[in-house]
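Shown next, in structure tokens, is the structure this report addresses.
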Amino acid sequence: DGEIDEGFEDTDRDGIPDCREVDYAIRLSITVDDVYSAWVDGEPIAFERAGWNVLEEHAVVLNSGRHVIAVHGWDTGLAISGHLSALWIDDVVHAVTGDGSWSVRPDWAPVGWTEVDFDDTSWVVPVPCVDVAPWSSFTPTIMELGAIWTWYAADGDCRASSSYGDAFYRLVLELPPA
């Protein structure tokens, strides 16, 4: 039929023939106030990591196709759970918090939310926190790249009691084949 994939194996069944798969180096720098757990394609990469003033690095290799970074953040004082991060693909900045690339859902997440094929179209884009005073003593270098503290409050008021609770974030990546 003339299709480029005719006769080529697709062992991971992602619709991309193995001969066209490309490996990408992914690096995530992240902090969440106060605690977070994170997954890549449903597999855990961090579990209950604490410290809003500690920027942690996570590195993975992903091949061509669709992938998701999922983060559950919560505040141990049941208050603000701001999110600050940057993601690089092959040493090139791809996403920072505040650029509109992440999606968020407050309070709880449905089963399967860490998986690639989960439908997050009803989730919202996190907004910049207008009052960053709680984090003003912590200015990691990713802020120089444009990363800003974000949350799910529509008006950006991270300190309003209606903004308190858990937050569930997703970043979908589409990595092209060769």
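The values are calculated or read from the model by the stated rules, or taken from the named source; none is laboratory data. What you see is a predicted model; the values in this text were computed from it and never measured. Neighbour counts are summed over all protein chains in view; Cβ atoms, including those assigned to glycine, are modelled from backbone coordinates with ideal geometry. Side chains are part of the model used for accessible areas, which takes the heavy atoms of the whole protein and leaves out ligands, DNA and RNA. Shrake-Rupley method; radii C 1.70, N 1.55, O 1.52, S 1.80 Å.
Being among the aliphatic types (A, V, I, L, M), farther than 20 Å from THR150 by Cα and surrounded by fewer than 23 Cβ atoms within 10 Å (Cβ to Cβ): is that true of VAL35 here? Here the answer is no, as VAL35 does not meet what is asked.
Could you identify the single residue in SER122, SER137 that is in a loop (DSSP other than H, G, I, E, B), among the hydroxyl-bearing types (Ser, Thr, Tyr) and farther than 17 Å from ASP34 by Cα?
SER122
Please tell me if TRP102 is farther than 25 Å from TYR164 by Cβ, within 12 Å of the chain's Cα centre (by Cα) and aromatic (Phe, Trp, Tyr).
no
Residues in the stretch 55-85 that are closer than 19 Å to PHE168 by Cβ and surrounded by 19 or more Cβ atoms within 10 Å (Cβ to Cβ): 15 in all. State yes or no: is TRP52 surrounded by 12 or more Cβ atoms within 10 Å (Cβ to Cβ) and assigned to a loop (DSSP other than H, G, I, E, B)? Here the answer is yes, as TRP52 does meet what is asked. If I ask for residues that are open to solvent by 30 Å² or more (accessible area, probe 1.4 Å) and at pLDDT 85 or above, which ones from the stretch 139-160 would you list? THR139, THR141, MET143, GLU144, LEU145, GLY146, ILE148 - these are the residues of the stretch 139-160 that are open to solvent by 30 Å² or more (accessible area, probe 1.4 Å) and at pLDDT 85 or above.
Restricting to the stretch 56-80, name every residue that is out of contact with any Ser or Thr (no Cβ under 6 Å at 6 or more places or on another chain), assigned to a loop (DSSP other than H, G, I, E, B) and farther than 21 Å from PRO17 by Cα.
Scanning the stretch 56-80 gives THR76, GLY77, LEU78, ALA79, ILE80.
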